[in-house]
Amino acid sequence: MMEKTLVTWHAHAVTRQQREWLNGHRGCVVWFTGLSGSGKSTIANAVDCKLVEAGFHSFLLDGDNVRHGLNASPEMLRALGDPYARRFGLGFSAEDRQENIRRIGSVAQLFATAGIVTLTAFVSPYRRDRDAVRQIVEAGGRSGDFIEVFVDTPLEVCEARDPKGLYQKARAGELKGFTGIDDPYEPPQRPEIVLCGGVQNPDELAETVIEYLRDRGLLSMPCLTADRPLAMAP
């Protein structure tokens, strides 16, 4: 077993403040959570588009996309051998969901320290997992770097949309452990933003998020407080 002393954190020569100064705005994590079909990905994509069009540096980590690579399922990793697939593949058990969110939280924190407005769209049904990500993000940066966005769309609206046919399968007993049907969704208790996904359209909801980021000063030029001046050439 590798001892902890063999793993050492190395400080970067380029500071977070320098990267943010170059980008012209602060880095942060905007974490969209809600039921499947609530509109998380659609709203997050709309926010991403608006940010890029306005000249900001942003990136969206989408739940399905991440599970095609970093957090692939055992089935997707089967070509690497069953032992490998069983050890590193992630399904949808509570334990695997916890690890899925932990990995994404760590990646999102790295993006934020690079000065990027990092958007994520994950069901992330358990409060403890979302709270753990908040701790990861804020421990590696500043208090307020993590913005939890609850897309509060009623189950009946999500089920009526059912873009992937998942609710239909869950109701038919073909899909077990599906959030909102036979597995719980724990809504945030103190989210920074609540969006009524069953009332307003995605563009309006995206504007609400942008307005919040502006009001918090996250889309403005930070002060350069690094110990040495920003220098791009020797």
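The values are calculated or read from the model by the stated rules, or taken from the named source; none is laboratory data. All values derive from a computational prediction rather than experimental measurement. Note that we place each Cβ from the backbone using ideal geometry, even for glycine, and neighbour counts take in every protein chain shown. Note: areas computed on protein heavy atoms with side chains; ligands, DNA, RNA excluded. Shrake-Rupley method; radii C 1.70, N 1.55, O 1.52, S 1.80 Å.
Criterion first (within 17 Å of Leu195 (Cβ to Cβ) and either in contact (Cβ under 8 Å) with a residue 60 or more places away in the chain or part of a loop (DSSP other than H, G, I, E, B) (or both)) does Thr153 satisfy it? Answer is yes for this residue.
Report, by residue number, each residue of region 50-68 that is part of a loop (DSSP other than H, G, I, E, B) and either open to solvent by less than 80 Å² (accessible area, probe 1.4 Å) or without any contact (Cβ under 8 Å) to a residue 12 or more places away in the chain (or both). The answer is Ala54, Gly55, Phe56, Arg67, His68.
The set of residues in region 69-106 being touching a helix residue (DSSP H, G or I) at 6+ places or on another chain (Cβ under 7 Å), open to solvent by less than 50 Å² (accessible area, probe 1.4 Å) and over 20 Å from Phe122 (Cα atoms) consists of Leu77, Ala85. Just one residue in the set Val151, Val194 is closer than 24 Å to Asp96 by Cβ, of a type in the set (A, V, I, L, M) and under 18 Å from the mean Cα position of the chain (by Cα); that residue is Val151.
Take the conditions within 30 Å of Arg214 (Cβ to Cβ), modelled with pLDDT of 90 or more and buried (at least 19 other Cβ atoms within 10 Å of the Cβ) and apply them to Lys40. Does it pass? Here the answer is yes, as Lys40 does meet what is asked. In region 173-183, is there at least one residue being assigned to a strand (DSSP E or B), surrounded by 14 or more Cβ atoms within 10 Å (Cβ to Cβ) and over 20 Å from the mean Cα position of the chain (by Cα)? Yes, there is a match, as at least one residue in region 173-183 is assigned to a strand (DSSP E or B), surrounded by 14 or more Cβ atoms within 10 Å (Cβ to Cβ) and over 20 Å from the mean Cα position of the chain (by Cα). Does at least one position in region 198-217 carry a residue that is of a type in the set (A, V, I, L, M, F, W, C), under 16 Å from Gly37 (Cβ atoms), modelled with pLDDT under 95 and open to solvent by 50 Å² or more (accessible area, probe 1.4 Å)? Checked region 198-217: at least one residue is of a type in the set (A, V, I, L, M, F, W, C), under 16 Å from Gly37 (Cβ atoms), modelled with pLDDT under 95 and open to solvent by 50 Å² or more (accessible area, probe 1.4 Å).
Please state which one of Gln135, Gln189 is within 30 Å of His25 (Cα to Cα) and part of a loop (DSSP other than H, G, I, E, B). Even if it seems obvious, please write down each step before you answer.
Numbers: Gln135 fails: part of a loop (DSSP other than H, G, I, E, B).
Just a single option satisfies the conditions, and that option is Gln189.
Summed over region 126-152, residues that are open to solvent by less than 10 Å² (accessible area, probe 1.4 Å) and either of a type in the set (A, V, I, L, M) or modelled with pLDDT under 95 (or both) total 6.
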